[in-house]
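Have a look at the structure below, then the notes.
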Amino acid sequence: MPHIRKDPVTKQSVIIASDRTGRPSDYITVKDDKRISNTELNCPFCKGHENITPNASISIFDDNSNWAVRIVPNKYPIIAETKAGELPNTTNLFNASSSKGFHDVIIENPNHNFNFYNAKSEDLLKIFDAVILRLKELYKENDMQYSLYFKNFGREAGASLYHSHSQMITTPFIPIQMFDEINGALEYYNEKNKCVYCDIIAEEKKLNERVICENKEFIAISPFASRFPYQIYILPKKHFDSIINSSDYNFDFADIVKDVFNRINKLLGEVSFNYVLHTLSPTLKQKEKYSYSNHWFLDIIPKMSKLAGYELGSGVYINSINPEDAAKDLRDVSSI
């Protein structure tokens, strides 16, 4: 039966309106080509085309000294230094400011046909190592507030190029969703003197209804108030406010990410997806204030359907699959 759930961190309401009469594949309402038409001959991210992209700020190399991951400035950034005279007229009511910031592209592999569904753990490890190195560089940017690392895979997820890549956008403000999460976690900590995410992990392990898989250091769950079908959180079991501080466990993280994408592939195929890293940003002002309350995680969202009028008008999401059923579906498929 339809019912309302509330996110334990942000207090955002989600309507669960499930109908489990069909198979998981019946819930895929968006049929797209998933990958963007592109060839190695004209791909700017392929090996040998390094001169097409801006110079790399970070490079990770393989055992043969060939690049395995490159991070470059986006050639067409959505945020950059605003020049004088480019801002609109402002008043007390209408405010505008410079869009100074950074927009990075993480070229995840030299192989044109690499993706997260066919990746090895070692490939993923190199990607996350590069991301952490870039985040560490951003410590130096005192006028920035947040660095958001995310990935779009497939046309329906917003990808514009076939070659596997992700992005990082650093801004002088905190995005509203991250702001709500950071402050929601702080409110919980101030009330209970505990990390809400640590409590979520403990509760999920006790109930064992929404746990998908786990290894020694990480756990993957279907969130209690999942906004989307088959949404997945991957969290470190130990308390870490930032992915930077848990870098000793990067291989365990890469391994569970591979496990999760193998399960998605077995259940849904190479479906388009987005993922977002929720981590305390090195550029965040008063970072120490949030260290004990914030707990980083990776949020994976398979693109199963499009948002419609109610979601767009109300900001309330409708999820057509019970998170418990989604977890069972993913738990029951082999990850090998």
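Among the residues in the stretch 212-221, are any assigned to a loop (DSSP other than H, G, I, E, B) and either of a type in the set (Ser, Thr, Tyr) or on the phi > 0 side of the Ramachandran plot (or both)? Taking every residue of the stretch 212-221 in turn, none turns out to be assigned to a loop (DSSP other than H, G, I, E, B) and either of a type in the set (Ser, Thr, Tyr) or on the phi > 0 side of the Ramachandran plot (or both). Looking only at the stretch 319-336, which residues are of a type in the set (A, V, I, L, M) and either touching a Leu at 6+ places or on another chain (Cβ under 8 Å) or buried (at least 18 other Cβ atoms within 10 Å of the Cβ) (or both)? Within the stretch 319-336, ILE321, ALA326, ALA327, LEU330, VAL333 qualify. Do we find that PHE173 is closer than 21 Å to LYS258 by Cβ, in a loop (DSSP other than H, G, I, E, B) and either free of Cβ contacts under 8 Å to residues at least 60 places away in the same chain or among the acidic types (Asp, Glu) (or both) in this structure? Spelling it out, it is not the case that PHE173 is closer than 21 Å to LYS258 by Cβ, in a loop (DSSP other than H, G, I, E, B) and either free of Cβ contacts under 8 Å to residues at least 60 places away in the same chain or among the acidic types (Asp, Glu) (or both). Would you check if GLU187 is surrounded by fewer than 18 Cβ atoms within 10 Å (Cβ to Cβ) and either hydroxyl-bearing (Ser, Thr, Tyr) or under 14 Å from GLU324 (Cβ atoms) (or both)? Taking the combined requirement at face value, the residue does not satisfy it. Working only within the stretch 189-199, note down all residues that are under 18 Å from SER242 (Cβ atoms) and either polar (S, T, N, Q) or part of a helix (DSSP H, G or I) (or both). Of everything in the stretch 189-199, those that are under 18 Å from SER242 (Cβ atoms) and either polar (S, T, N, Q) or part of a helix (DSSP H, G or I) (or both) turn out to be TYR189, VAL196, TYR197, CYS198. Residue under question is ILE232, and the condition is that it be within 30 Å of PHE102 (Cβ to Cβ), in contact with a strand residue (DSSP E or B) (Cβ under 8 Å, 6 or more places away or on another chain), surrounded by 23 or more Cβ atoms within 10 Å (Cβ to Cβ) and not acidic (Asp, Glu); does it hold? Yes: the conditions hold for ILE232.
Kindly establish whether PRO282 is under 19 Å from the mean Cα position of the chain (by Cα), surrounded by 16 or more Cβ atoms within 10 Å (Cβ to Cβ) and farther than 19 Å from LEU124 by Cβ. Don't jump to the end; show me each part of the working.
Numbers: under 19 Å from the mean Cα position of the chain (by Cα): yes; surrounded by 16 or more Cβ atoms within 10 Å (Cβ to Cβ): yes; farther than 19 Å from LEU124 by Cβ: yes.
Yes, satisfied.
Scanning the stretch 252-284 for residues that are touching a Phe, Trp or Tyr at 6+ places or on another chain (Cβ under 6 Å) and of a type in the set (Val, Ile, Thr) yields ILE256, VAL276, THR279.
None of the figures in this text is laboratory data; all of them are computed from the coordinates on show. This one's a predicted model, so the numbers in the text were calculated from it and none came from an experiment. With ideal geometry, Cβ positions are generated from the backbone for all residues, glycine too; neighbour counts draw on all protein chains shown.
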